[in-house]
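The values are calculated or read from the model by the stated rules, or taken from the named source; none is laboratory data. Remember, predicted model here, so these are calculated numbers, not experimental data. A quick note on method: Cβ atoms are made from the backbone with ideal geometry, for glycine too, and the neighbour counts reach across all protein chains shown.
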Amino acid sequence: MENKAKQNPFKRLLAIRGMGQVITVTCGLIILCIVFGVLNPIFFSGQNVANLLRQIAPILLIGIGQSYVLITGNIDLSIGSVVGMSCMISATLMTKGINPWVAVGITFVCCILVGVLNGQLVAKCKLPPFIATLGTMTIARGIAQIVNNNYNTDSIGDGAQAFRDFFYYGKFLGVYNTIWIAVVLWILFNFLLSKTRTGRHIYAIGSNVEAARLSGVNVVASTTKAYVVSSICACVVGLIICATSGMGTMDAGNMYEMYAVAASVIGGVSTLGGQGILLGTVIGASIWGVLQNGLQFAGAPVAIRNIVIGIIVVISVLLDVVVRSGKPRRKKEKSSSEVKSKNVGVKA
């Protein structure tokens, strides 16, 4: 009895949807850290670890947003362009003399509207998510280019120093604010996804949208909420980029949709919907950051780093498809064999 009681917590842990994948990729992350640490001891230096965590934070944030959307069985290709739009709108407003925090508020409203539009196009208008978010990706990037007449902005100036400290340079308890922002938002959105009705509805839509609708789930509202979370996360990342560089750049967020998908799928979020936890997104974002940082120390060019991460993403999605498509097949084979044996028994 005592042995069973001791095993129960671990069994309960493994029973959590997606936890097996999280444990697997965590082992992979540990191995990567050991390998890069052996190759170059500077990898484990305090300064490099701090910089590594600051590199991971934005990837974690957009990974959270993309995870929400992927769990519904959809995808958000506009997330990188929303990052650029956030960076340019906030910087342009600040260079025009608008109070930095008012600029932040206006930027949030604009980005949230993109999320609402995505949700309505996908869930209400029934557009394929690839097409809908491809369109809004182009629109958001166009807005990023047009807000300052197709130019990057000037420096946001000393008047925005408090803004820059809050989103990038400042520290709290010896830890950079960027990391705290990522941690707080992860706790908030993880609670929303795992402990609330909204989270259950998001999983239900990804598992079977028609069954969810018949069960009383408001598919349009829940899908829109997922896309709004994605836009909020992208907005925060855009503000971090603006605070980091001290200006708005029109190409901010380029390729971030790829990074978001990488953080999500490496961490075990299924591209087929209905499966994955945000703890896995933390590990996925960490693997992305460790690979980029470690390969940089190893002297690998940017092209090689991108190729390695791209291969890992493809393999992760392929494994997910194989596992998810194999389960129903095995169940069908088992049920058909049971039916045949029953029929044989009846004939006998």
Does Ala123 satisfy the condition of being more than 16 Å from the chain's Cα centre (by Cα), within 12 Å of Ala234 (Cβ to Cβ) and assigned to a helix (DSSP H, G or I)? no
How many residues of the range 51-91 are within 15 Å of the chain's Cα centre (by Cα), more than 29 Å from Val219 (Cα to Cα) and of a type in the set (A, V, I, L, M, F, W, C)? The answer is 2
How many of the residues making up the range 96-108 are under 14 Å from Val147 (Cβ atoms) and outside any loop (DSSP other than H, G, I, E, B)? 3
How many of the residues making up the range 193-208 are over 12 Å from Ile71 (Cβ atoms) and either assigned to a helix (DSSP H, G or I) or among the small types (Gly, Ala, Ser) (or both)? 2
Which of the residues spanning the range 285-304 are of a type in the set (Phe, Trp, Tyr) and modelled with pLDDT under 80? Phe297
Please state which of the following conditions Phe172 fails to meet, knowing it meets all the rest: (1) modelled with pLDDT under 90; (2) within 19 Å of the chain's Cα centre (by Cα). (2)
Of the residues in the range 285-312, those that are more than 18 Å from the chain's Cα centre (by Cα), hydrophobic (A, V, I, L, M, F, W, C) and either buried (at least 23 other Cβ atoms within 10 Å of the Cβ) or not in a helix (DSSP H, G or I) (or both) come to Ala298, Ala300
Pairs, first on the phi < 0 side of the Ramachandran plot in the range 154-179, second surrounded by 13 or more Cβ atoms within 10 Å (Cβ to Cβ) and assigned to a loop (DSSP other than H, G, I, E, B), C-beta under 7 Å, six or more apart: Asp154/Met247; Ser155/Gly246; Ser155/Met247; Ile156/Gly246; Ile156/Met247; Arg164/Gly246; Asn177/Gly170
From the option list Val321, Val317, Val282, Val346, single residue qualifying as modelled with pLDDT of 85 or more and in a helix (DSSP H, G or I) is Val282
Please identify the pairs in which a residue from the range 281-300 that is touching a residue at least 12 places away in the same chain (Cβ under 8 Å) has its Cβ atom under 6 Å from the Cβ atom of a residue that is basic (Lys, Arg) and assigned to a helix (DSSP H, G or I), counting only partners at least 6 apart or on another chain. Gln292/Arg305; Leu295/Arg305
Can you tell me which of (1) closer than 22 Å to Met255 by Cα; (2) surrounded by fewer than 16 Cβ atoms within 10 Å (Cβ to Cβ); (3) more than 20 Å from the chain's Cα centre (by Cα); (4) not aromatic (Phe, Trp, Tyr) is the one Leu113 doesn't meet? (3)
If you check Val261 against the conditions, is it in a helix (DSSP H, G or I), among the hydrophobic types (A, V, I, L, M, F, W, C), within 14 Å of Ile79 (Cα to Cα) and touching a helix residue (DSSP H, G or I) at 6+ places or on another chain (Cβ under 9 Å)? yes
Go through Ile156, Ile179 for me and flag whichever is more than 25 Å from the chain's Cα centre (by Cα) and closer than 30 Å to Met88 by Cα. Ile156
Only one of Ala182, Ala212, Ala226 is buried (at least 18 other Cβ atoms within 10 Å of the Cβ), assigned to a helix (DSSP H, G or I) and free of Cβ contacts under 8 Å to residues at least 40 places away in the same chain; which? Ala212
Which of the residues belonging to the range 126-165 are more than 20 Å from Ala234 (Cα to Cα) and not in a loop (DSSP other than H, G, I, E, B)? Asp158, Gly159, Ala160, Gln161, Ala162
Name the single residue that is farthest from Thr281 (Cα to Cα) among those in the range 4-59 being of a type in the set (D, E, K, R) and at pLDDT below 80. Lys4
Failed item in (1) crowded, with 19+ Cβ neighbours inside 10 Å; (2) farther than 20 Å from Arg54 by Cα; (3) among the aliphatic types (A, V, I, L, M), with Val102 passing the rest: (1)
For Ser90, the lone unmet condition from (1) surrounded by fewer than 20 Cβ atoms within 10 Å (Cβ to Cβ); (2) under 22 Å from Met250 (Cα atoms) is (1)
